[in-house]
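Data first, discussion second: the structure below is written as structure tokens.
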């Protein structure tokens, strides 16, 4: 984290926590220019085995949490700002075990379109960033052993046309593009960073 940055802990599944977050931002910074809604959770389950708790947890965090993060940010958001919502490239592919996760991220993609339309008058741009397989610790959360994590990385990389997993800094660079004036003519769009996975 850069010098001068402030870390504020918040829970996007708790609306009171979000209120306190944006109140702090308003008081300390005077407003918000960029929002990246990156919090989310992924848990695997087949459609046959998915429980109501699994479904509710995923939608509460990935959809409800994202929705109210955007809503909570708007009173502090300056005109001309940029909102970036994290979706996934897998919303365009059928992926076993990811039915609930993919549904939540498709909802986020739809939210971005509607928010972009609603916020045109304020010149606030809203876009989604849809990563493919990125080499992060979230991989470990989907398996139970280090060997399974290694196999997951190998198998995922083999499916990517560029032959490897993405790096977190590559995703960060894409987010920086959407946050900056370099993308000033883009709103309601989806930037896919997946090594060609969904197109090739």
Residues satisfying the stated conditions in the stretch 150-176, i.e. surrounded by fewer than 17 Cβ atoms within 10 Å (Cβ to Cβ), touching a residue at least 12 places away in the same chain (Cβ under 8 Å) and under 30 Å from residue 32 (Cα atoms)
167, 168, 170
Looking only at the stretch 21-58, which residues are surrounded by fewer than 16 Cβ atoms within 10 Å (Cβ to Cβ) and farther than 20 Å from residue 107 by Cα?
23, 24, 26, 27, 28, 29, 30, 31, 33, 48, 49
Scanning the stretch 73-100 for residues that are surrounded by fewer than 23 Cβ atoms within 10 Å (Cβ to Cβ), within 13 Å of the chain's Cα centre (by Cα) and over 15 Å from residue 189 (Cβ atoms) gives 90
Hits in the stretch 124-143 - residues which are surrounded by 15 or more Cβ atoms within 10 Å (Cβ to Cβ) and assigned to a helix (DSSP H, G or I)
139
State the number of residues belonging to the stretch 15-60 that are over 25 Å from residue 180 (Cα atoms), under 18 Å from the mean Cα position of the chain (by Cα) and part of a loop (DSSP other than H, G, I, E, B).
4
Testing residue 129 on (1) under 20 Å from residue 190 (Cα atoms); (2) out of contact with any helix residue (DSSP H, G or I) (no Cβ under 9 Å at 6 or more places or on another chain), one condition comes back false. Which one is that?
(2)
The listed residue being more than 24 Å from residue 67 (Cα to Cα), within 17 Å of the chain's Cα centre (by Cα) and surrounded by 13 or more Cβ atoms within 10 Å (Cβ to Cβ), out of 190, 194
194
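Tally time: how many residues in the stretch 68-95 are modelled with pLDDT under 95 and assigned to a loop (DSSP other than H, G, I, E, B)? Before you say what the answer is, go through the steps one by one.
Start the filter on the stretch 68-95 by keeping residues that are modelled with pLDDT under 95, which leaves 90-95.
Filter once more, keeping what is assigned to a loop (DSSP other than H, G, I, E, B): 93-95.
Residues meeting the conditions: 3.
The values are calculated or read from the model by the stated rules, or taken from the named source; none is laboratory data. Not measured: the values here are computed from a predicted model. Heads up, the Cβs are rebuilt from the backbone with ideal geometry, glycines too, and the neighbour counts pull from every protein chain shown.
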